[in-house]
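*Asks:* Take a look at this one; I'll ask things after.
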Ligand SMILES: [Fe+2]
Ligand SMILES: [Fe+2]
């Protein structure tokens, strides 16, 4: 699967999120100390799609539309975290539910499968464990991206620091 095709899929299924005010705010809110919620979100979405397509090659199919929509929305509820949550524990437990609320605004017809991707992405730090393939894929991609965020940061953040 080419990177061009990944970008096309993100645009095809994720347009309502990418064009939203929520996402513009997400690009400005720091996340995992060295990146933004928006950049983290895009990396989780791209990694989830790469994983989904790799699994497809060995006969394990998953719903790429649900994956894009769920991954793009999974952390949007975390926006304004300092004002919203008392501490990290509360943020960890509550932001998946708040992200579901945002996702339902952006995708009023969102199905249960997509909702569960968002609702269960924090496991095992919080919430119920992922059950569907799509939930497992996005949750795994989120952990992978989070570790990379913390360890390496991003080009965007380094550029900001250089200003
Ligand atoms: Fe999260
Ligand atoms: Fe995340």
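Laboratory data are not the source of any read-out in this text; all were calculated from the coordinates shown. Please read all numbers here as calculations on a predicted model, not as lab measurements. All Cβ positions, glycine included, derive from the backbone under ideal geometry; neighbour counts span all protein chains shown.
*Asks:* All but one of (1) closer than 19 Å to residue 12 by Cα; (2) within 16 Å of the chain's Cα centre (by Cα) hold for residue 95; which doesn't?
*Replies:* It is condition (1) that residue 95 fails.
*Asks:* From the list 55, 72, pick out the single residue that is touching a residue at least 60 places away in the same chain (Cβ under 8 Å), out of contact with any helix residue (DSSP H, G or I) (no Cβ under 7 Å at 6 or more places or on another chain) and within 20 Å of residue 5 (Cα to Cα).
*Replies:* Values: 72 fails: out of contact with any helix residue (DSSP H, G or I) (no Cβ under 7 Å at 6 or more places or on another chain).
Only one candidate qualifies: 55.
Per-residue answers, yes or no, for (1) more than 12 Å from ligand 2 (Cβ to nearest atom); (2) within 19 Å of residue 40 (Cα to Cα); (3) surrounded by fewer than 18 Cβ atoms within 10 Å (Cβ to Cβ); (4) within 14 Å of the chain's Cα centre (by Cα):
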position	(1), (2), (3), (4)
114	yes, yes, no, yes
119	yes, yes, no, yes
122	no, yes, no, yes
131	yes, no, yes, no
134	yes, yes, no, yes
138	no, yes, no, yes
141	no, yes, no, yes
144	no, yes, yes, yes
151	yes, yes, yes, no
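*Asks:* Suppose we keep only residues that are in a helix (DSSP H, G or I) and in contact (Cβ under 8 Å) with a residue 60 or more places away in the chain within the range 12-22. Which one would you say is nearest to the chain's Cα centre (by Cα)? Let's see the steps before the verdict.
*Replies:* The initial filter retains those residues of the range 12-22 that are in a helix (DSSP H, G or I), namely 12-18, 21-22.
Filter again for in contact (Cβ under 8 Å) with a residue 60 or more places away in the chain, leaving 16-17, 22.
Working: 16: 14, 17: 11, 22: 13 Å.
Among those that are in a helix (DSSP H, G or I) and in contact (Cβ under 8 Å) with a residue 60 or more places away in the chain, it is 17.
*Asks:* Is one or more of the residues making up the range 82-90 touching a helix residue (DSSP H, G or I) at 6+ places or on another chain (Cβ under 7 Å), in contact (Cβ under 8 Å) with a residue 24 or more places away in the chain and either under 25 Å from residue 32 (Cβ atoms) or surrounded by 18 or more Cβ atoms within 10 Å (Cβ to Cβ) (or both)? Please lay out each step first, then the result.
*Replies:* Going residue by residue through the range 82-90, those that are touching a helix residue (DSSP H, G or I) at 6+ places or on another chain (Cβ under 7 Å) are 85.
From what's left, in contact (Cβ under 8 Å) with a residue 24 or more places away in the chain: none.
Taking every residue of the range 82-90 in turn, none turns out to be touching a helix residue (DSSP H, G or I) at 6+ places or on another chain (Cβ under 7 Å), in contact (Cβ under 8 Å) with a residue 24 or more places away in the chain and either under 25 Å from residue 32 (Cβ atoms) or surrounded by 18 or more Cβ atoms within 10 Å (Cβ to Cβ) (or both).
*Asks:* Looking at 81, 11 in this structure, which one is more than 14 Å from ligand 2 (Cβ to nearest atom) and over 16 Å from residue 142 (Cα atoms)? Steps first, please.
*Replies:* On the way: 81 fails: more than 14 Å from ligand 2 (Cβ to nearest atom).
Within the list 81, 11, the selection yields 11.
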